[in-house]
Amino acid sequence: MSVLIFIDQAEGHIKKAALEAMSYGAKVAAQLGTTAEGIVLGSVKEDLAALGKYGVKKIHHVNNAALDHFDAQTYTHAIAEAVKASGADVVIFSNNVDGKAIAPRLSAQLKAGLVSGAVALPDTSNGFVVKKTVFSGKAFANIAISTPLKIVALNPNSYKVETADGTAEVAALNVTVETPKVKVTAVNKVTGEIPLSEAEIVVSGGRGLKGPENWGMITDLAHVLGAATACSRPVADAHWRPHHEHVGQTGLAIAPNLYIAVGISGAIQHLAGVNRSKVIVVINKDPEAPFFKAADYGIVGDAFEVMPKIIAAAKKVKGMA
Amino acid sequence: MKILVCISKTPDTTAKIAFTDNNTKFAQDGVQWIINPYDEWYALVRAIELKEKDPSTVLHLVNVGTADADAVIRKALALGGDEAIRVNADSHDSFYIASQIAEVARSGGYDLVFTGRETIDYNGSSIGGMVAELLGLPYVSLASKFDLNGTTATITREIEGGEEICEVALPVVVSCQKGMAEQRIPNMKGIMGARTKPLKVVEPTAVDALTSIVSFELPPAKAGVKLVSADNPEELVRLLHEEAKAI
């Protein structure tokens with residue numbers, strides 16, 4: 001019996017989403033009176049034993065360069081082996097890009113019930129019930145998993161990373177890895193930018209900015225705050241910004257600590273993608289913009305006048321001026 | 001070339017979200033139903049484009065639902081596709097739905113299965129991965145571009161902070177998102193033609209669901225916005241720093 005956490009990495013570095021998954025998994029294990037173990041796939045550049053501080057007691061490491069590139073099929077196979085090796089009855093993923101590809105495969109392979117998009121610890125008082133977002137963030141559902149093996153995919157930015165003293169035992173796990181059928185031919189990373197799904201602060205622009213040439217105020221504020229940049233759907237559709245920046249019901253759903261919306265009116269479809277943000281700031285010259293109803297702080301004013309002052313004030317707070 | 005596109009029926013993006021029966025059921029009164037936007041705008045339209053490029057392509061749609069999904073299926077057929085298959089079942093468990101789709105895909109011998117990246121109601125992002133696993137096929141998720149060269153697909157998929165380009169030999173299951181294609185409006189010819197396209201109803205295979213919905217809840221209401229004067233935007237930064245402790 002144990003809780004097994006998939007520790008997602010990219011280019012040898014453990015992702016923030018994986019730290020959240022470990023903290024969550026360790027808490028689930030404590031709740032069930034068992035221990036948390038982790039599974040790491042591929043070559044890593046970090047000390048795995050040190051991951052013990054996130055509450056995992058043992059780490060199964062498939063140190064095989066064939067797993068350096070993500071592939072849903074080979075990863076699922078390797079994780080299924082780790083499920084056997086650890087005797088897990090709960091498997092935790094982050095519901096990030098990789099988790100969305102492999103958690104469903106593992107669920108179908110092992111006939112293990114999956115809740116993806118979890119936002120809270122399971123209720124284990126009577127069965128195993130997990131709260132997840134539904135209707136694109138407009139509501140939650142409590143889902144019961146009825147199978148002996150349970151899989152939970154935790155939404156990024158939904159569970160706080162917790163640390164304590166501890167070292168994990170690292171055990172090599174040998175798995176026969178087939179050549180992936182999906183061959184990666186190129187990776188285009190937007191370097192120097194913070195991935196939107198992992199960002200704690202997001203600065204976002206809408207049609208109110210009038211054109212892509214005015215995006216300097218968004219990127220400048222993002223730079224000062226260490227934030228990622230995002231945009232509304234009309235902006236992505238008009239190709240002012242790349243479509244991976246589109247947040248909303250049909251784009252990416254995010255839940256940062258702080259979401260700053262500039263020149264976005266707040267259509268219900270946009271709100272659906274951002275309403276799990278902890279603090280929402282709206283800057284819009286239209287006092288009737290529906291976004292103000294969902295906001296914590298707001299300024300009714302012209303972004304072109306207000307933003308330079310905000311950027312200057314933020315620089316002071318951050319000791320950059 | 002045979003393509004199967006999975007179509008889900010979801011409430012309109014502007015639908016009011018409320019629950020009945022002691023918060024165990026979605027309140028359907030007055031709700032407009034649409035094709036799940038990811039299924040329609042990206043999966044279906046891209047499949048139609050592939051068929052336009054190679055008219056010998058056979059394009060089928062599949063839905064797992066009851067008879068009240070037929071209107072939405074006809075809307076999808078008005079955009080394109082040769083025929084639709086509806087598996088006559090009512091379930092909200094991803095594994096149950098994926099098992100039905102996998103059965104249709106297996107018996108139809110498709111080269112390509114497209115799904116949307118997620119439905120806008122249950123947000124599971126699970127169907128594509130499960131179908132791929134049940135069929136033993138490779139799976140490329142969150143695809144924003146898809147091109148075919150013979151029987152090899154070149155696909156661009158989202159990764160954290162960028163994108164990855166990959167190649168895979170058919171058959172493959174792909175989940176589709178923004179970038180794949182542009183939204184289309186069905187024309188009159190499409191709407192008229194959709195009425196006579198075959199909509200086959202098949203009975204589900206026996207599969208046990210792995211999960212069940214216990215209850216729904218709405219998020220707590222916001223306390224209300226604190227407005228800062230446009231003449232003093234520095235105050236906003238102070239509040240974010242000292243009060244909200246967000247920066």
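For the peptide B:19-26, the mean number of other protein chain Cβ atoms found within 10 angstrom of a residue's Cβ is 1. Ranked by the mean number of other Cβ atoms within 10 Å of their residues, highest first, the peptides A:210-219, B:45-54 fall in the order B:45-54, A:210-219.
Which order do you get for A:T163, B:T13, B:T20 if you rank them by accessible area with a 1.4 Å probe, largest at the top?
On the way: A:T163 90, B:T13 20, B:T20 55 Å².
The ordering from most to least exposed comes out as A:T163, B:T20, B:T13.
If R0 is taken as 41 Å, the Cβ-Cβ distance between A:E178 and B:K145 corresponds to a FRET efficiency of 0.95. Restricting attention to the protein assembly as shown, close to 35% of DSSP beta bridges with both partner residues there are antiparallel.
Comparing A:A171, A:A29, A:A255 in a Gaussian network model of chain A where C-alpha atoms under 10 Å apart are linked, the largest mean-square fluctuation is found at A:A171. In whole angstrom, the stretch A:1-130 maps to an equivalent ellipsoid with semi-axes of 21, 17, 13, each derived as √(5λ) from the alpha carbon gyration tensor and ordered largest first. For the stretch A:57-117, the convex hull spanned by the alpha carbon atoms encloses 94 Å³ per residue. Size descriptors for the stretch B:2-216: radius of gyration and Dmax over Cα atoms are 16.7, 54 Å.
Give me a single rounded figure for A:146-153: the average over its residues of other chain Cβ atoms within 10 Å of their Cβ.
Details: counts 6, 5, 0, 1, 2, 2, 0, 3.
Mean inter-chain Cβ contacts per residue within 10 Å come to 2.
Which percent, nearest 5, of DSSP beta bridges in the stretch B:2-216 are antiparallel? Don't skip to the answer; put the middle values down first.
Numbers: 19 of 45 bridges.
Around 40 percent antiparallel, to the nearest 5.
Count the net charge of all other residues whose Cβ sits under 13 Å from the Cβ of B:S56, scoring Lys and Arg as +1 and Asp and Glu as -1. With Lys, Arg at +1 and Asp, Glu at -1, the net is -1.
Pairs of Lys residues in the stretch A:196-317 are counted when their Cα atoms are under 26 angstrom apart and they lie 8 or more places apart or on different chains; the count is 13.
Per-residue mean of other chain beta-carbon atoms within 10 angstrom of the beta-carbon, peptide B:129-141? Provide the component values of the computation, followed by the final result.
Values: counts 14, 8, 3, 7, 11, 3, 1, 2, 2, 8, 10, 5, 8.
Partner-chain Cβ atoms within 10 Å, mean over residues of B:129-141: 6.
Taken one residue at a time, the phi angles of the stretch A:121-135 give Karplus couplings (6.51, -1.76, 1.60, θ = phi - 60°) of 5, x, 8, 10, 6, 8, x, 9, 10, 10, 8, 9, 6, 9, 6 Hz. Gly and Pro are set to x.
Is the C-alpha gyration tensor of the stretch A:196-317 telling us rounded, prolate or oblate? Criteria: a/c under 1.5 is rounded; beyond that, a/b larger than b/c is prolate, otherwise oblate.
Numbers: a/c = 1.19, a/b = 1.17, b/c = 1.02.
In terms of gyration-tensor shape, rounded.
What percentage of the solvent-accessible surface of the protein assembly as shown, computed with a 1.4 Å probe over protein heavy atoms, is contributed by carbon and sulfur atoms?
Details: 11490 of 22330 Å².
Answer for the protein assembly as shown is 51 percent, counting heavy atoms of protein chains only.
What the stretch B:1-150 shows is 34 Å² of accessible area per residue, with the surface traced by a 1.4 Å probe over protein heavy atoms. For the listed peptides B:226-235, B:78-87, a ranking on the average number of other beta carbons within 10 Å per residue, highest first, reads B:78-87, B:226-235.
Suppose R0 equals 30 Å; then what is the FRET efficiency for A:E46 and B:T205 from their Cβ-Cβ distance, rounded to the nearest 0.05?
Numbers: r = 45 Å, r/R0 = 1.51.
So, using R0 = 30 Å, E works out to roughly 0.10.
Stretched out straight at 0.36 nm per residue, the stretch from B:E235 to B:L218 would grow longer than its current Cα-Cα span by 2.9 nm.
Near A:G205, the amide H atoms lying under 5 Å from its own belong to A:A230, A:C231, A:S232, A:V262; only residues 5 or more places off or on other chains count, and H is placed 1.01 Å from N. Residues whose amide H falls under 5 Å from that of A:I5, counting only those 5 or more places apart or on a different chain, are A:E37, A:G38, A:I39, A:I92, with hydrogens built in the peptide plane.
Dimensions of chain A based on its C-alpha atoms, expressed as ranges along the principal axes with the largest first, amount to 60, 44, 39 Å. Principal axis extents of the Cα atoms in the protein assembly as shown, from largest to smallest and rounded to whole angstrom, are 66, 64, 51. Note on chain B: helix-only mean residue ellipticity at 222 nm, from DSSP H runs of 4+ residues weighted -39500 (n - 2.57) and normalised by residue number, equals -6500 deg cm²/dmol. Each Lys or Arg adds one and each Asp or Glu subtracts one; over the other residues with Cβ under 12 Å from the Cβ of A:Y24, this totals 0. The label-point distance for A:K189 and B:E52, in a model that sets each label 7 Å from Cα toward Cβ, rounds to 3.7 nm.
Lys and Arg at +1, Asp and Glu at -1: add these up for the other residues within a Cβ distance under 12 Å of A:D68 and post the number. Don't skip to the end; give the middle numbers.
Numbers: positive: A:K45; negative: A:E11, A:D71.
Summing Lys/Arg as +1 and Asp/Glu as -1 gives -1.
The amide H of B:K145, built 1.01 Å from its N in the peptide plane, has B:T156 as neighbours under 5 Å, considering only residues 5 or more places off or on other chains. Since only A:L121, A:L51, A:L67 are under comparison, the one whose Cα sits farthest along the positive direction of the charge dipole of the stretch A:1-144, derived from C-beta charges on Lys, Arg, Asp and Glu, is A:L121.
The values are calculated or read from the model by the stated rules, or taken from the named source; none is laboratory data. These numbers were taken from a predicted model, which means no experiment stands behind them. Backbone-built Cβ (ideal geometry, glycine too); neighbour counts: all protein chains shown. When the accessible area is computed, the model is the full protein with side chains, heavy atoms only, and any ligands, DNA or RNA have been set aside. Shrake-Rupley method; radii C 1.70, N 1.55, O 1.52, S 1.80 Å.
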